[in-house]
Amino acid sequence: MSSKRDSKAAHIRHIMQTEGEAVGTNTRGFNDGRYESVAKLEDYEALKDEARAIKADAIERLPDLIDELTQTVEENGGTVYIAEDAADANEYIAEVCTETEADRLVKSKSMTSEEIEVNDHLEREGVDVVETDLGEWVLQLADEAPSHIVAPAIHKSREGIADLFNAQFNPDAELETAEELTTFAREQLGELIQGADVGMTGANFITADSGTMALVTSEGNARKTVVVPETQIAVAGVEKIVPSVEDLQPFIELIGRSGTGQDITSYISLLTPPVGSPTVDFDDPDTPVAVGDDDREFHLVLIDNGRMAMREDEDLRETLYCIRCSACSNTCANFQSVGGHAFGGETYSGGIATGWEAGVHGMDAAAEFNDLCTGCSRCVEACPVGIDIPWINTVVRDRINAGTDAKLEFLVDGLTPDSETSGPGVQKRLFGNFELLAKVGSTFAPLSNWVANAGPVSRVLEGAAGVAHDRDLPEFQRPTFREWFEDRDRGPPVDPDRTVVLYPDLYTNYMMVERGTAAVAALEALGVEVVVPSVPGAGRAPLSQGMIDTARSKAERVVETLGPYVEDGHDVVVIEPSDLAMFRGDYERLLPQDSYEPLAENSYEILEYVYGLLANGADTDGLNLADGETVAYHSHCQQRTMGLEEYSIAVLDACGYDVTTSDVECCGMAGSFGYKEQYYELAMDVGSNLEAQLREANCDHVIASGTSCTDQIGDLLGEEPSHVIELLAPNGETQ
Amino acid sequence: MSNKHVDLHGQFATQARSYGVGLTEASPGEVAAAIASAVEPPAVGTPLPWDDVELPDGVETDPTPADIEGATTGVTAASLAIADYGSIVLTMDDAGSEPVSLFEDLHVAVLREADIVPDMQAAFEWFGEQFRETRGSAIVATGPSATADMGALVQGAHGPEHVEVIVVR
């Protein structure tokens with residue numbers, strides 16, 4: 001186990017050193033561009049909803065759409081071949097090449113063709129295959145795999161490409177600038193396209209009503225690939241079918257914005273093959289093209305390769321909504337540091353890749369990188385079709401756990417009272433059963449803190465369970481938050497306006513007691529009576545490790561405990577954003593609707609609640625007001641996805657603070673991720689962006705909302721930030 | 001001329017310019033001269049599908065592959081334009097508009113002002129009717145061809161480096 005973690009850490013370190021800079025610059029550029037571009041849309045959310053609805057409907061009636069499309073393409077004069085798997089598709093494509101006596105096939109960029117590895121197959125059959133997308137061509141020359149689903153050579157620098165071209169082609173004058181490289185590639189590829197016999201494209205979308213395929217491109221190589229040769233082959237997954245031409249509109253408006261941050265790419269080819277343009281036969285240079293041969297052939301190869309089974313799989317099904325825009329890659333903090341060569345499987349990369357790899361290549365392919373999704377959820381709002389990508393990652397993690405060898409797990413068996421019948425592995429079970437660790441740790445605090453962080457024990461934890469030795473482990477506190485609350489002398493406010501339940505999340509209860517006491521003080525200062533009942537952990541820790549059964553049993557117990565309060569009309573206030581995200585989001589997956597909904601609808605993040613109280617007339621006088629003190633605020637990833645960052649900022653602003661916010665997507669700690677030995681360096685690399693922003697802001701206070709962010713910022717800056725509520729709570733009233 | 005047209009034309013022009021597209025306005029009678037001053041010879045083209053406008057002399061309208069390879073400018077009609085994206089729509093035809101608009105460094109597109117639609121929704125309603133009826137193909141082209149694959153954004157990848165639109169008013 002340990003050596004496997006070491007080699008994973010070494011692999012990630014190598015990728016970060018060699019490709020991290022180029023990947024980081026490019027993906028962050030795309031991600032910033034996405035925010036700017038979608039902001040220009042009149043109603044971005046409505047457009048996303050429309051796109052999602054079209055996909056949901058299309059996947060629902062996919063078998064019928066396949067039949068309709070087949071009939072339409074045949075009416076149009078083309079051929080449809082439905083390939084069961086990669087081998088089936090490759091054989092058919094090779095046959096077409098044989099029948100057309102093709103020596104050379106030129107391709108425009110297609111991830112589906114990467115998935116079936118058609119290039120290798122055709123090369124073995126004696127067909128010269130040329131990638132004409134400049135990025136793909138670079139990779140073909142370098143014999144490397146794409147590191148990004150839209151910008152495949154994102155990991156290569158201009159200098160690296162220049163070295164490659166100069167070494168392979170030995171041009172008269174050394175190539176250096178991007179312009180020189182582009183011109184050179186255009187000329188080389190132009191000649192290769194002129195002599196091509198077959199053009200192969202993918203398809204972003206295909207409409208069943210007219211047989212029109214949409215190709216979203218910028219270079220113009222796809223247009224040349226289609227118009228020059230007589231024979232066109234399009235390779236597309238069956239999930240690319242939409243009912244009608246009009247259905248393309250929301251996708252065309254969203255795909256470029258979501259991916260590379262372009263409002264629209266240079267060319268949207270809307271092709272109804274065989275296309276009604278004459279071919280351009282450069283071997284017959286003097287016959288006008290208009291009288292030339294327009295006897296075109298078109299083969300649509302629709303690929304199943306696991307997709308119809310994904311459609312039947314309730315948890316993987318939404319993967320088929322994916323339009324391969326790359327938003328989930330670009331917005332992902334881990335992906336920004338490593339790119340698709342670490343955060344990717346055999347073909348696909350980024351957050352949604354777990355679904356694709358599990359579906360088309362199998363669990364082993366997904367298991368290679370699935371851990372890199374931390375569940376931060378930033379991709380969910382970035383996804384133009386709203387796929388719950390973290391959930392797909394969680395489900396696949398759970399299934400991978402089921403296949404894990406359980407024999408080493410006796411080590412943590414005593415500490416792990418989980419419901420897992422399968423084997424998540426020592427490390428996952430240790431972090432997944434955080435609740436018991438916290439209880440035991442707190443009971444024996446401070447002794448347990450000294451022991452856990454002492455050299456020998458820390459080393460044993462690293463060796464056996466992969467807990468990064470460089471991290472200080474969380475310090476458990478006594479008394480716990482609940483113990484403090486029960487024992488305190490102060491009574492509730494006289495004649496309170498209302499009574500709320502403050503949820504004692506595990507982190508607040510056992511480790512960050514001050515934010516709990518501050519929340520109580522602030523709420524009481526605003527005229528609210530607070531009760532803090534004994535409630536179990538929300539299940540975030542086991543869920544993040546793919547231990548779904550354990551998370552579900554936690555969820556059931558939380559609802560059992562909090563349900564009666566909600567029924568009595570009390571609101572539930574939550575300090576830890578990742579737990580609120582459980583109540584509002586994940587519980588929908590874990591619980592029946594009637595037990596999920598009441599809690600989801602009546603739970604609030606603490607600053608969201610304070611904002612509401614102030615908006616309803618409560619007075620800020622009871623809070624710790626400032627006169628222009630500056631604060632640097634890092635919101636929590638899931639808090640931002642829930643749209644709650646703005647409440648913290650508004651309340652700080654109302655209380656007289658001058659707020660600067662970070663715009664990094666995630667702190668890098670992401671629950672237990674940054675504690676794991678094999679991911680420690682990656683987590684710190686991700687964190688370095690946040691560190692730079694916080695240092696540059698140079699404010700009087702650094703504050704954060706989440707436990708992970710607090711730990712991470714503490715490690716980055718050498719001093720732990722406070723929670724927002726600690727800054728705002730009335731002075732002297734906290735513990 | 002309605003205000004709506006003025007707005008659409010203005011919006012289209014602003015958006016198209018933001019992608020580096022050059023724009024010229026011309027009355028039907030001035031189109032040939034406007035094209036002539038926009039092209040860099042040698043030029044190839046495909047016949048314009050409207051009765052009241054003509055291509056200037058010097059544009060080869062029945063090009064061979066050799067002409068296409070040797071030319072610097074390609075002149076074609078645009079069937080439609082989308083105001084809020086600054087896009088033009090190039091319909092494929094049997095005269096070879098697709099290669100003519102694609103292979104040259106400079107693409108000169110001739111667009112009738114009345115064919116500017118406000119948005120993608122209007123454009124796709126048009127595409128839906130067209131494609132179901134004719135089973136035709138078209139390109140929505142926005143600005144010149146471009147790539148960022150060589151380490152920086154470069155205009156003029158496989159397709160034209162410059163685009164000029166002549167708007168017939």
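The values are calculated or read from the model by the stated rules, or taken from the named source; none is laboratory data. Here the structure is a predicted model, which is why all the values come from computation and not from measurement. When we count neighbours, we look across all protein chains shown, and the Cβ atoms used for this are built from the backbone with ideal geometry, even at glycine. Keep in mind that these areas ignore ligands, DNA and RNA; they rest on the heavy atoms of the full protein, side chains included. Shrake-Rupley method; radii C 1.70, N 1.55, O 1.52, S 1.80 Å.
Between B:Arg135, B:Arg17, B:Arg112, find the one with the highest GNM mean-square fluctuation for chain B; connect C-alpha pairs within less than 10 Å.
B:Arg135
Past the 25 Å Cα-Cα mark, which pairs from A:Lys109/A:Lys240; A:Lys428/A:Lys554; A:Lys554/A:Lys676; A:Lys8/A:Lys109; A:Lys48/A:Lys676; A:Lys4/A:Lys428? Walk me through the intermediate numbers first.
Details: A:Lys109/A:Lys240 15 Å; A:Lys428/A:Lys554 17 Å; A:Lys554/A:Lys676 23 Å; A:Lys8/A:Lys109 30 Å; A:Lys48/A:Lys676 36 Å; A:Lys4/A:Lys428 15 Å.
Distance filter (> 25 Å) returns A:Lys8/A:Lys109; A:Lys48/A:Lys676.
Under a 10 Å cutoff between Cα atoms, tell me which one of B:Asp51, B:Asp119, B:Asp67 has the largest fluctuation in the Gaussian network model of chain B.
With Cα springs under 10 Å in chain B, the top fluctuation among B:Asp51, B:Asp119, B:Asp67 is at B:Asp51.
Note down the magnitude of the dipole of the stretch B:3-168 about its Cα centre, charges +1 on Lys and Arg C-beta and -1 on Asp and Glu C-beta and zero elsewhere, to the nearest 20 debye. Before the final figure, lay out each step's value.
Working: 5 positive and 27 negative charges, 103 e Å.
Result for the stretch B:3-168 is approximately 500 debye, rounded to the nearest 20.
Leaving out ligands, DNA and RNA but keeping every protein chain, what accessible area does A:Leu625 have, in Å² rounded to the nearest 10, with a 1.4 Å probe?
70
Taking loop as defined by DSSP and a crowding limit of 15 other beta carbons within 10 Å, which trypsin sites (Lys or Arg not before Pro) in the stretch A:2-79 fit? Please list the in-between numbers first.
Numbers: sites: A:Lys4, A:Arg5, A:Lys8, A:Arg13, A:Arg28, A:Arg34, A:Lys40, A:Lys48, A:Arg52, A:Lys55, A:Arg61; in loops: A:Lys40, A:Arg61.
For trypsin sites (Lys or Arg not before Pro) across the stretch A:2-79 that sit outside H, G, I, E and B with at most 15 neighbouring Cβ atoms in 10 Å, the list reads A:Lys40, A:Arg61.
Could you give me the ³J(HN,Hα) list for the stretch A:605-622, computed from phi with Karplus coefficients 6.51, -1.76, 1.60 and θ = phi - 60°, whole Hz, x at Gly and Pro?
Each residue's phi maps through the Karplus curve to give 6, 4, 6, 4, 6, 4, 4, x, 5, 5, 5, 8, x, 5, 9, 6, 3, x Hz.
Could you go through the stretch A:635-645 in sequence order and give the Karplus-derived ³J(HN,Hα) for each residue, using 6.51 cos²θ - 1.76 cosθ + 1.60 with θ = phi - 60°, rounded to whole Hz, and x for Gly and Pro?
Listing the rounded values in order: 6, 9, 3, 5, 4, 5, 4, 6, x, 9, 4 Hz.
Can you list the residues of the stretch B:138-152 that have at least 40 square angstrom less accessible area with all protein chains present than in their chain by itself, probe 1.4 Å?
So the qualifying set is B:Ile139, B:Val140, B:Thr142, B:Ala146, B:Asp149, B:Met150.
Name the residues whose placed amide hydrogens come within less than 5 Å of the amide hydrogen of A:Glu605, ignoring near sequence neighbours (fewer than 5 apart) on the same chain.
Long-range HN contacts for A:Glu605: A:Val574.
What accessible area per residue comes out for the stretch A:513-610, rounded to a whole number of Å², with a 1.4 Å probe? Display every interim value, and only then the final one.
Working: 2910 Å² over 98 residues.
Here the residues of the stretch A:513-610 average 30 Å² of exposed surface.
Would you tell me the mean number of C-beta atoms belonging to other protein chains that fall within 10 Å of each C-beta in B:80-89, as a whole number?
Working: counts 0, 0, 1, 0, 5, 5, 2, 6, 0, 2.
The shielding value for this peptide is 2.
In Å² (nearest 100), what accessible area is buried between A and B, both sides summed, heavy protein atoms only, 1.4 Å probe?
On the way: alone 29220 and 8970 Å², together 33360 Å².
For chain A against chain B, roughly 4800 Å² becomes buried.
Can you classify the stretch A:1-66 as rounded, prolate or oblate using the Cα gyration tensor, where a ≥ b ≥ c are the square roots of its eigenvalues, rounded means a/c under 1.5, and otherwise it's prolate if a/b beats b/c and oblate if not?
Details: a/c = 4.03, a/b = 1.61, b/c = 2.51.
Taking the square roots of the gyration eigenvalues as a ≥ b ≥ c, the stretch A:1-66 is oblate.
On a 0 to 90° scale, report how tilted helix A:2-39 is relative to the longest principal axis of chain A, with both axes built from alpha carbons and the result rounded to the nearest 10.
80
Is the shape of the stretch A:583-735 best called rounded, prolate or oblate, per the rule: a/c under 1.5 gives rounded, else a/b larger than b/c gives prolate, else oblate, with a ≥ b ≥ c the square roots of the Cα gyration tensor eigenvalues?
Oblate, because a/c is 1.5 or more while a/b does not exceed b/c.
Starting at the first residue of the stretch A:712-717, write each ³J(HN,Hα) from the Karplus equation 6.51 cos²θ - 1.76 cosθ + 1.60 with θ = phi - 60°, in whole Hz, x for Gly and Pro.
Calculated HN-Hα couplings, in order: 5, 5, x, 5, 6, 9 Hz.
Checking the a/c ratio against 1.5 first, then a/b against b/c, what shape does the Cα gyration tensor give for chain B?
Working: a/c = 1.32, a/b = 1.16, b/c = 1.13.
In terms of gyration-tensor shape, rounded.
How much accessible area per residue does the stretch B:3-168 have, in Å², with a 1.4 Å probe?
Working: 6170 Å² over 166 residues.
Dividing the accessible area of the stretch B:3-168 by its residue count gives 37 Å².
Counting partner chain Cβ atoms within 10 Å of every residue's Cβ in A:279-291, what's the average? Mind dumping the intermediate values first?
Working: counts 3, 11, 2, 5, 1, 3, 7, 4, 3, 9, 14, 11, 4.
Whole-number average of other-chain Cβ neighbours for A:279-291 is 6.
List the GluC sites (Glu not before Pro) within the stretch A:20-76 that fall in a DSSP loop (any state other than H, G, I, E or B) and whose Cβ has at most 11 other Cβ atoms within 10 Å. Don't skip to the answer; put the middle values down first.
On the way: sites: A:Glu21, A:Glu36, A:Glu42, A:Glu45, A:Glu50, A:Glu60, A:Glu68, A:Glu74, A:Glu75; in loops: A:Glu42.
Here the GluC sites (Glu not before Pro) that fit, given the DSSP loop and packing criteria, are A:Glu42.
Please average, across the residues of B:59-67, the number of beta carbons from any other chain that are within 10 Å of each residue's own beta carbon, and give a whole number. Walk me through the numbers before you get to the answer.
Working: counts 0, 1, 2, 4, 4, 12, 14, 5, 4.
Partner Cβ neighbours, averaged per residue: 5.
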